[in-house]
Amino acid sequence: MKEINTGLDANARKSVAEALNGVLADTYVLYQKTHAYHWNVTGPQFPALHVMFEQQYREMWAALDEIAERVRALGAFAPASGKAFASLASIESAEAEPPKAVDMLKNLLEGHEALIRRARQALETAEEAGDVASEDLLTQRVQIHEKTAWMLRSTAA
């Protein structure tokens, strides 16, 4: 197969792909947690939270594909197993027993804020590498997760 010749050297591509795989893993774990909370939320806020969590997990589901495809475009492989995602993620999986709705909001807020921090670190890596495509993707991810964190913070208040 022909070598990748897109203006980024192999080391730059590797470092960006590794950073993106961390963002991918955290996104996957947060997607799963949000989906589980969608299924298991109870209480007076059920209708609103059920809908909000669905919007959030659907958005992250679409993002997973974008991030993984960017990793592949850089010539690396995306994680392909729960074990791989767990080893790369900084966000904890959902609890075995669903927490109360207010704690779901707090847990998801913490997850989105952790993901924002991780995406910012990956953005720095992409900037250093001169990888504008990854910078663009990560900038969009930061914006989306910041808005989601704001919504969760406002709902939990």
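For this structure, a couple of remarks:
- Cβ separations smaller than 7 Å between residues 6+ apart or across chains give the following pairs from segment 15-41 residues that are farther than 14 Å from residue 63 by Cβ to residues that are buried (at least 24 other Cβ atoms within 10 Å of the Cβ) and acidic (Asp, Glu): 16/131.
- Flag if residue 53 is within 15 Å of residue 20 (Cβ to Cβ), of a type in the set (A, V, I, L, M, F, W, C) and at pLDDT 95 or above: no
- Residue match in segment 23-41 (condition: farther than 19 Å from residue 83 by Cβ, of a type in the set (A, V, I, L, M) and modelled with pLDDT of 95 or more): yes
- The residue that is surrounded by the most Cβ atoms within 10 Å (Cβ to Cβ), among those in segment 49-91 that are among the hydroxyl-bearing types (Ser, Thr, Tyr) and part of a helix (DSSP H, G or I), is 57.
Yes/no per residue for (1) farther than 15 Å from residue 30 by Cα; (2) in a helix (DSSP H, G or I); (3) out of contact with any strand residue (DSSP E or B) (no Cβ under 7 Å at 6 or more places or on another chain):
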position: 93; (1), (2), (3): no, no, yes
position: 98; (1), (2), (3): no, no, yes
position: 102; (1), (2), (3): yes, yes, yes
position: 113; (1), (2), (3): no, yes, yes
position: 148; (1), (2), (3): no, yes, yes
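- Given (1) at pLDDT below 95; (2) surrounded by fewer than 18 Cβ atoms within 10 Å (Cβ to Cβ), number of the condition residue 8 does not satisfy: (2)
So that you can scan it fast, the table gives a plain yes or no per residue for (1) at pLDDT 95 or above; (2) surrounded by fewer than 20 Cβ atoms within 10 Å (Cβ to Cβ); (3) over 15 Å from residue 23 (Cβ atoms); (4) in contact with a Lys or Arg (Cβ under 6 Å, 6 or more places away or on another chain):
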position	(1), (2), (3), (4)
109	yes, yes, yes, yes
117	yes, yes, no, no
120	yes, yes, no, no
127	yes, yes, no, no
133	yes, yes, no, no
137	yes, no, no, yes
142	yes, yes, no, no
146	yes, yes, no, no
152	yes, no, yes, no
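- Output for segment 1-16, where each listed residue is in a helix (DSSP H, G or I) and among the hydrophobic types (A, V, I, L, M, F, W, C): 10, 12, 16
- The residue pairs whose first member lies in segment 50-71 and is without any contact (Cβ under 8 Å) to a residue 12 or more places away in the chain and on the phi < 0 side of the Ramachandran plot, whose second member is assigned to a helix (DSSP H, G or I) and of a type outside the set (Ser, Thr, Tyr), and whose beta carbons are closer than 9 Å, counting only pairs six or more residues apart or on different chains, are 51/38.
- Matching option when the condition is closer than 23 Å to residue 39 by Cβ and in contact (Cβ under 8 Å) with a residue 40 or more places away in the chain, among 89, 129, 133: 89
The values are calculated or read from the model by the stated rules, or taken from the named source; none is laboratory data. Treat the numbers as computed from the prediction; the structure is a model and nothing was measured. Reconstructed Cβ throughout: ideal geometry from the backbone, glycine too, with neighbour counts over all protein chains shown.
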